[in-house]
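What follows is a single structure, written as structure tokens, with notes after it.
Bear in mind that the values in this text are calculations on the coordinates, not laboratory data. For clarity, every value in this text was computed on a predicted model and none was experimentally measured. Quick reminder, even Gly has a Cβ in these numbers, built from the backbone with ideal geometry, and neighbours come from all protein chains shown.
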Amino acid sequence: MTSYGIPMKNLSVPKLFNFRSHNWVRRRWLDFRNGHTIYLIFLMTFANFVTIQYQLLLQRVPAIHSLHINIWIFGLLFVAIYLPLGMIIGYWHRKNQFSVEAEAMFNQNQIGATINLFLIDLIDGKVTEEEKQHMRKYLLNIMKQGGMPYAGIDKSQSHLDGNSKIKMQKTE
């Protein structure tokens, strides 16, 4: 069916407005917290930080105060110095500290531990057919929620067909 000559796709309700989901409120709360803390508050606190530094440096240090720099010029100079410094420290953190954080998160990942233990038991032949089917359904339910990066899934029967392949997402 087309509308104004444009092929119509599946007109399902976007996940954002799918109120039937049992986790809808919790997911929206997570979305709010991420948008608030990562973007909105970051910008507000950065602007606040620049303003406080302006007040502390230009208003309280006589040598700098005599230069009569307005807040816009100060802000540009501050960002020109602060941004590269933040990038250098962030690079150092990623190269030296990130592995420590990743290891700490790995040690707390119960789902990853469960799947890895299942794989070890599967390799050792300790997994029953019933346990395999249970894990398969569990993982397929997760994949269905996330856009299914594994091609060849028969949605109606929740199993993989013979032509299954992993689809890699393009990153640009």
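Extension gain Phe42-Asp124, at 0.36 nm per residue separation less the Cα-Cα distance, in nm?
On the way: separation 82, 0.36 × 82 = 29.52 nm, distance 4.89 nm.
Working it through step by step, the gained length comes to 24.6 nm.
Would you please give the FRET efficiency between Ile89 and Gln59, computed as 1/(1 + (r/R0)^6) with r the Cβ-Cβ distance and R0 = 22 Å, to the nearest 0.05?
After rounding, the FRET efficiency stands at 0.20.
Across region 24-84, Cα-Cα pairs more than 20 Å apart make up 43 percent of the total.
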